[in-house]
Amino acid sequence: MQSARNEILERLRAAPKTKIPVRPFMPPLKEVSLDKEELVNQFTEMLTAETGIVYRVKNNDQALEKLTEIAKQEGLKGVMVSTDDVATSLDLPAWGSKTGVKVMSAKDFNGRDEFRDAVFDRVEAGITGIDFAVAESGTLGLIHDKDQARLVSLAPILHIAIVPVERVFPVYETVIESVFNQEKLPSQFVFITGPSMTGDIEGHLFKGMHGPRKVIVILIG
Amino acid sequence: MKISTEKFTELAKKEVEKARARPFLKMVPHSLYQKRKAGLATLPDAAAAQAYGAAIRSEAINRLPELLEEFEKKATANGAKVFWARTAKEAREYIVNLASERGAKFVIKGKSMVTEEIGLNEALSDHGIEPWEADLGEFIIQQMHRPPFHIVGPAINVPVEEIRDLFMAKGIMKEPTLDPVALGWAARRFLREKFHRAEFGVTGVNMAVAETGTIINLENEGNIRFAKSSPRTQVSVMTLEKVVPTMKDAMHLIRLLSRNCSGQNISAYVSMDSGPKQDGEIDGPEELIIVIVDNGRSGIYQDPKARDALRCIRCAACLNICPVYRQIGGYAYGWVYSGPMGQVLMPLLLGLDKTQDIYRACSLCGACKSVCPAGIDHPALFLYYRSLDVSTDHSFKGKRRPWREALFFKAWSMAVQRFWIWDTGISVTRPFINKNSENGVIHNMKGAFGGWFRKRDLPPMAEKTFHEKWEEIKKTR
């Protein structure tokens, strides 16, 4: 018996051919002609519209101060942090011992099950750096790898994202080009735009359906 | 899921009489339509963007075999496993076996239409593996054993009282409430435990990118991201037409899909997988299995006209604008797909014989076509299906109409092609119709055409036909 694969593909190949249409002209998005500062403003505006909270600070020290403020406001006792380059540059474990917030990262755990127990039940926030921010829609772009575990930005009820301003780009295509134009692709790349939500019960908007109820962005620079 | 597409007319009549769904149908599709309009207006040229989307989908369908091969090659190189299934049965048996082999006690599911099409949940349950739908709407209808009312908001018509009773009966919450937010929290807490312990996740696929072997999912809740992050095994099921040429094309379709669906610029989460987790990653699947389902589509593909139905990206814009859907909602369509997109797909998937009323339940107003980001010409397809049906075309199981209807149209076609029959007919019928006229309007008539007057009037027929008048005018000059 022929394999399902070959059978399906052969049937498709044997079908009559049609003409491939010419791609029509489409004007570019306005974001591609914005300057750096305008992009940051646009990013902030779009994310705020999606109920994201955006703070802008000048440097890492100020970012840590802001973080302390947020920790107090939100009553954070334990946080799960990523170990990506942005988060690492803040030395969050040191911040934790100073402020009394228990800072954990995936590296502290022996395997998936231990990590899941902690990220689901023992932290009130996930803190991550990001790889890209997109002005077009106030979107965060995260490459998942050994330093950016998937559940950190997903399982806790609060996601705090640290965004260096030089990582704000105009449109999705700019970002995609640099993520997907390489030999080894990331196992997962994700766009996050605001908190998790649903309208499934009579159309009522409910934030925090499965993922974070709140997304806070600290823009540095 | 039981298929009841043959009972469309009967079900539609029942749905129209259901008072409870009425306020919903008056509001939600309209408000989604308004949101869509506002969303599209954020693009510099919405019409050009829609046309560009149609060109992408047209090219994808055109190059289908070649793109599928490329996708498979790249996805495999990324470390994913690709399984091809000829039929729904092959697909669900493969997934059920895999789940058994992996020792899964339950399966966590991200929202997907294709797993409903292949009847995966029933098959899993039959083998003692619990399927948990994790999208809130899907979760509700799964517990209620109902079909989706709307492909995007499957339970959006279910009143809070029913959800309260359901959640109390199933032990999902302890204290009764009618607050939609509290109901949402109860579902969150319940499903969170499932996400936490999940070892086997199943999702659908919105787009499969040939260029990179990447699968893409759009969602707002996070159920799909959880199903792709927490378990050790991830199975993502796609029908074969989901493939698109490039990542750039996918980005444009993300813009269009989000806007056409809910008016959002982009859905809250877009996750793009290229292979399973890599060394050192603590979460994400150890194995990523992509199931490509044919289930009749390679047959549909043989017909260059009918294959246009495969362009659909499931945005549901056509449901929200359709005057028929707006009256009857999603249940009457009798299967997983509803509204115009269901009306173009189901006849091909199930056969023209089993869906005769489905592709006739349309006034050909063209509203669906006018909003479609994939460039599907729904009314043209309905006319095509009707013609295949009356000519008993074999490939899609055309059935022919009842003899009375066939005879009527034969007589009609004879009459309208011969003006002496037409003229005689007119002068014979005119007095019978016009005798119902009151002050120049016909409000009601007895007999076969009575139904017309439930919501409309008819002007009386003119005393003289145009030809008769023309003859008179010619004489006087």
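Couple of notes before you dig in:
- B:K170 being modelled with pLDDT of 95 or more and charged (D, E, K, R): no
- Those residues of the stretch B:26-42 which are within 16 Å of B:V152 (Cβ to Cβ), buried (at least 16 other Cβ atoms within 10 Å of the Cβ) and not hydroxyl-bearing (S, T, Y), in sequence order: B:V28, B:P29, B:L32, B:K35, B:R36, B:G39
- Any hit, the stretch A:160-170, residues being facing another protein chain (nearest Cβ under 8 Å) and either in contact with a Cys (Cβ under 8 Å, 6 or more places away or on another chain) or surrounded by fewer than 22 Cβ atoms within 10 Å (Cβ to Cβ) (or both): no
- Hey, B:S236 crowded, with 24+ Cβ neighbours inside 10 Å, facing chain A (nearest Cβ under 7 Å) and over 30 Å from A:P24 (Cα atoms) or not: no
- Evaluation of B:G128 against (1) in a loop (DSSP other than H, G, I, E, B); (2) in contact (Cβ under 8 Å) with a residue 40 or more places away in the chain; (3) among the small types (G, A, S) (one fails), failing number: (2)
- When residues of the stretch A:5-34 are limited to those that are small (G, A, S) and either surrounded by fewer than 14 Cβ atoms within 10 Å (Cβ to Cβ) or out of contact with any Lys or Arg (no Cβ under 9 Å at 6 or more places or on another chain) (or both), the one farthest from the other protein chains (Cβ to nearest Cβ): A:S33
- Hits in the stretch A:182-204 (condition: at the interface with another protein chain (Cβ under 9 Å from one of its Cβ atoms), of a type outside the set (G, A, S) and not in a strand (DSSP E or B)): A:K184, A:L185, A:P186, A:T193, A:P195, A:D200, A:I201, A:E202, A:H204
- Options B:K37, B:K18: the member that is closer than 26 Å to B:C372 by Cβ and either among the aromatic types (F, W, Y) or more than 12 Å from chain A (Cβ to nearest Cβ) (or both): B:K37
- Test for B:A448: is it hydrophobic (A, V, I, L, M, F, W, C) and over 25 Å from B:R404 (Cβ atoms): no
One line per residue, one yes/no per condition, for (1) of a type in the set (A, V, I, L, M, F, W, C); (2) closer than 27 Å to B:L256 by Cβ; (3) more than 11 Å from chain A (Cβ to nearest Cβ):
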site: B:W132; (1), (2), (3): yes, no, yes
site: B:Q143; (1), (2), (3): no, no, yes
site: B:V158; (1), (2), (3): yes, no, no
site: B:L166; (1), (2), (3): yes, no, yes
site: B:K174; (1), (2), (3): no, no, yes
site: B:V202; (1), (2), (3): yes, yes, yes
site: B:N223; (1), (2), (3): no, yes, no
site: B:F226; (1), (2), (3): yes, yes, no
site: B:S229; (1), (2), (3): no, yes, no
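- B:E219 surrounded by 24 or more Cβ atoms within 10 Å (Cβ to Cβ), of a type in the set (D, E, K, R) and either in contact with a helix residue (DSSP H, G or I) (Cβ under 6 Å, 6 or more places away or on another chain) or modelled with pLDDT of 95 or more (or both): yes
- When B:D45 is tested against the conditions (1) in contact with a Pro (Cβ under 6 Å, 6 or more places away or on another chain); (2) surrounded by 16 or more Cβ atoms within 10 Å (Cβ to Cβ), the lone failure is (2).
- Residues located in the stretch A:131-152, provided they are without any contact (Cβ under 8 Å) to a residue 60 or more places away in the chain and more than 9 Å from chain B (Cβ to nearest Cβ): A:D131, A:F132, A:G141, A:L142, A:I143
- Near pairs, Cβ below 9 angstrom, 6+ apart or cross-chain, from the stretch B:160-171 (assigned to a loop (DSSP other than H, G, I, E, B)) to any residue that is crowded, with 16+ Cβ neighbours inside 10 Å: B:K170/B:Q143; B:K170/B:F190; B:G171/B:F190
- Filtered residues of the stretch B:62-92 (kept if over 26 Å from B:D279 (Cβ atoms) and surrounded by fewer than 21 Cβ atoms within 10 Å (Cβ to Cβ)): B:N62, B:R63, B:P65, B:E66, B:E69, B:E70, B:R86, B:T87, B:A88, B:K89, B:E90
- Residues in the stretch B:19-66 that are in contact (Cβ under 8 Å) with a residue 12 or more places away in the chain and assigned to a loop (DSSP other than H, G, I, E, B): B:R20, B:T42, B:L43, B:R63.
- Wholly enclosed helices (runs of 4 or more DSSP H) of the stretch A:1-117 bearing at least 2 residues over 30 Å from B:A48 (Cα atoms): A:4-14, A:60-74, A:85-89, A:92-99
- Subset of the stretch A:75-121 [acidic (D, E) and under 16 Å from A:H159 (Cα atoms)]: A:D84, A:D121
The values are calculated or read from the model by the stated rules, or taken from the named source; none is laboratory data. If you're wondering where the values come from, they're calculated on a predicted model, not measured in any experiment. FYI the Cβ positions are ideal-geometry reconstructions off the backbone, even for glycines, and counts take in every protein chain you see.
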